[in-house]
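The values are calculated or read from the model by the stated rules, or taken from the named source; none is laboratory data. The model shown is predicted, which means the values in this text are computed figures rather than measured ones. Cβ placement follows ideal geometry from the backbone for every residue including glycine, while neighbour counts extend to all protein chains displayed. Note: accessible area is taken over every heavy atom of the protein model, side chains too, but ligands, DNA and RNA are not part of it. Shrake-Rupley method; radii C 1.70, N 1.55, O 1.52, S 1.80 Å.
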Amino acid sequence: MGRTLQNTMINLGLQNACDEAIYQLGLDMEELEEIEEDAGLGNGGLGRLAACFLDSMATLGLAAYGYGIRYEYGIFNQKIRDGWQVEEADDWLRHGNPWEKARPEYMLPVHFYGRVEQSAAGTKWVDTQVVLALPYDTPVPGYMNNTVNTMRLWSARAPNDFNLRDFNVGDYIQAVLDRNLAENISRVLYPNDNFFEGKELRLKQEYFVVAATLQDIIRRFKASKFGSTESVRTVFDSFPDQVAIQLNDTHPAMAIPELMRIFVDIEKLPWNKAWDITKRTFAYTNHTVLPEALERWPVDLVEKLLPRHLQIIYEINQRHLDRIAALFPNDVDRLRRMSLIEEGGTKRINMAHLCIVGSHAVNGVAKIHSEIVKTEVFKDFAALEPEKFQNKTNGITPRRWLLLCNPGLAELIAEKIGEDYVRDLSQLTKLHDFVDDDLFIREVAKVKQENKVKFALYLEKEYKVKINPSSMFDVHVKRIHEYKRQLMNCLHVITMYNRIRRDPAKLFVPRTVIIGGKAAPGYHMAKMIIKLINAVAQVVNNDPVVGNKLKVIFLENYRVSLAEKVIPATDLSEQISTAGTEASGTGNMKFMLNGALTIGTMDGANVEMAEEAGEENMFIFGMRVEDVTELDRKGYNAQEYYDRLPELKQAIDQIRSGFFSPEEPDLFKDVVNMLFHHDRFKVFADYDAYVKCQEKVSELYLNSKAWTKMVIKNIAAAGKFSSDRTIKEYARDIWRVEPSDLKIPPPNEPRDAGEDKTPNGTAA
């Protein structure tokens, strides 16, 4: 979620008033804002997407709740020591959190372990261990519409009789100390992005948030007028019409068997009725196609922790496979491919398959990704129910990612096209009228230059590095992962360095290359990549021949509040994943909206950005998905590129020989070995196209006016990438609710006062 203060002031229309009041108290608002800790309760893009969605849902007047876990320790703080990543605990609640309100009156029990008892009365899950879920509510204000939604985060608490109720005559002190065992559930966020780690505590966390949330939803449903009808059997008939639950990846997939358990075991609904209601309630968003990221929980673990849920999953699977067997007789391989249970070695539950079978809609997060989901990853399921599969291209909230982080640019845009674009970003197309307006071109360039000077000052203060604000700011910030190819950027940096050394007199367009992001603590290769970047920076930044032509900076502890500083100052945005691996990306959109140009592959939302802005207004390079597929078929041979490309060979030889690690010459042998022998993401295959494309970037940067014109064309084409547009599509195509741009009256006005403010009707 990042910080809340400035976002709240902007959405409430109070920023100027607050700034003025604070100034009159002799304080500096920016200094105050810097005191607030980031709430970092997720990993990378998936968690940030949820935050943007909450902002858009409130702004569109949807009655929506965001549910999650109130981790005591969020994503770790990253320190760089001697070039290596070191993790520190993120004790973000140390000074308290003024935005949250504990709601003990809504505390709910969550059950674990135990056993299943069958009887004439039905199935019961008994002898369980109970953990209490205590909700904390954080307000989510819409933009200037007097709507405030709720983000409800659950914290784990031990019941007061924990370890004392059973035949525990003895150690009272130990029993109280053991309360920590229960409360550890919400202690810490697992820091993996795009990687599945099948740990028991993680499964507990996933079930904990699901069980508490579903009880909360059902309590609210029953308390509303919709929940009460005469006939007990049909109490839940209207449930899917009143409730929509969106599963953000498979992490909350246990919600499907849990809702079935509530309906069948507790509410005594017949299976078929319960299943119909469940399917109509859930929809599933897939966020990745990387096989190592897909959740596959061992059956033994689920059986121990959630025995009744395993039975229900088996029943769901049986009925699912019966249906397929009827449609495709004698096709045993299809049954194996489509089963929720993977046999062979340890039996596992494929959570994505569970989500697809248990939902009425499945979506990817960019056109190209949704196609891959349909035609490759889940093709058997798409063949069965093609109408279930949709696309919902991701977006970003223009409140945080333009108004808040780049007020200079936001104001400049408002001067030209008015202020309405903040709620309807498609209006940015009006900027096309000003592409040739010399004054506007100069003003856009000036805002960028001011942002760069401000960020350069920040870097000087925080990192004690002097950087040239007139150099091109070439920025690559995102989680560190092989598929995102920070290594390819690193090879380009080494290539630029070698070119400067080879011919120091030759014209070189000065660059400041900024790379930042966290590596999962257990991801060895990602940590080696960070070390390599820092080792290269050490050499480049201290070579007198290079001077200020090239500087390399690794941005420590990349997080939302740092993104808000670096993105507005960026000239060139690096979006260089291997085609077919980045589901969407959202950083790409933030850079586009903030006046950076993009160098990127035809992957994720880059494809649609090129569609909107024109391919000629982006620096697109490298293999397309078809080329990658063809290269896989043929067999990727890294050696062949090394032999053919002298500059690539030189760079690799330098890494291998210890040029960047003289005190430990074979420090990077694992990295080099990976690049030659098991590089799934084919860095060498795109290297040449990347370097050549970067030459075009430098050439255009020399012509400031032509560069800025291209920037304006990009901003004018960024309207599609508002999360408001994304949420309208979810609302209409999946949740079946209507957004409203009604501004409800503020609490100090009579309730009907809103009626004479003529609204523009339903949101378009």
Next on the checklist: Anything in region 287-316 that is in a helix (DSSP H, G or I), polar (S, T, N, Q) and under 30 Å from Ser577 (Cα atoms)? List them, or say none.
Outcome noted: none
Next on the checklist: From the list Arg732, Arg725, exactly one residue is without any contact (Cβ under 8 Å) to a residue 24 or more places away in the chain and not assigned by the TED database to the domain that holds Asp571. Which is it?
Outcome noted: Arg732
Item to check | Residue in region 604-626 that is farthest from Asp688 (Cα to Cα), counting only those that are touching a residue at least 24 places away in the same chain (Cβ under 8 Å) and open to solvent by 70 Å² or more (accessible area, probe 1.4 Å) | outcome: Glu612
Item to check | Tally of residues being free of Cβ contacts under 8 Å to residues at least 24 places away in the same chain, under 20 Å from Pro109 (Cα atoms) and among the hydroxyl-bearing types (Ser, Thr, Tyr) across region 120-173 | outcome: 1
Checklist entry - Which residues, taken from region 464-520, are open to solvent by 40 Å² or more (accessible area, probe 1.4 Å) and of a type in the set (S, T, N, Q)? => result Ser470
Next on the checklist: I'd like the full set of residues that are at pLDDT below 95 and buried (at least 21 other Cβ atoms within 10 Å of the Cβ), limited to region 194-209.
Outcome noted: Asn194
Checklist entry - Of the residues that make up region 104-126, is at least one open to solvent by 30 Å² or more (accessible area, probe 1.4 Å), assigned to a strand (DSSP E or B), more than 23 Å from Leu306 (Cα to Cα) and in the same structural domain as His309 (by the TED database)? => result no
Checklist entry - Has region 569-587 got any residue that is assigned by the TED database to the domain that holds Ile480, crowded, with 21+ Cβ neighbours inside 10 Å, at positive phi and touching a Lys or Arg at 6+ places or on another chain (Cβ under 7 Å)? => result no
Checklist entry - Among the residues of region 661-670, is there at least one that is in contact with a helix residue (DSSP H, G or I) (Cβ under 8 Å, 6 or more places away or on another chain), among the hydroxyl-bearing types (Ser, Thr, Tyr) and assigned to a helix (DSSP H, G or I)? => result no
Next on the checklist: What's the number of the only condition in (1) open to solvent by 40 Å² or more (accessible area, probe 1.4 Å); (2) touching a residue at least 24 places away in the same chain (Cβ under 8 Å); (3) over 23 Å from Met589 (Cβ atoms) that Glu31 fails to meet?
Outcome noted: (2)
Next on the checklist: On the basis of being in a strand (DSSP E or B) and at pLDDT 95 or above, does Pro98 make the cut?
Outcome noted: no
Checklist entry - Scanning for something free of Cβ contacts under 8 Å to residues at least 40 places away in the same chain, assigned by the TED database to the domain that holds Ile256 and in contact with a helix residue (DSSP H, G or I) (Cβ under 7 Å, 6 or more places away or on another chain), does region 283-296 turn up at least one residue? => result no
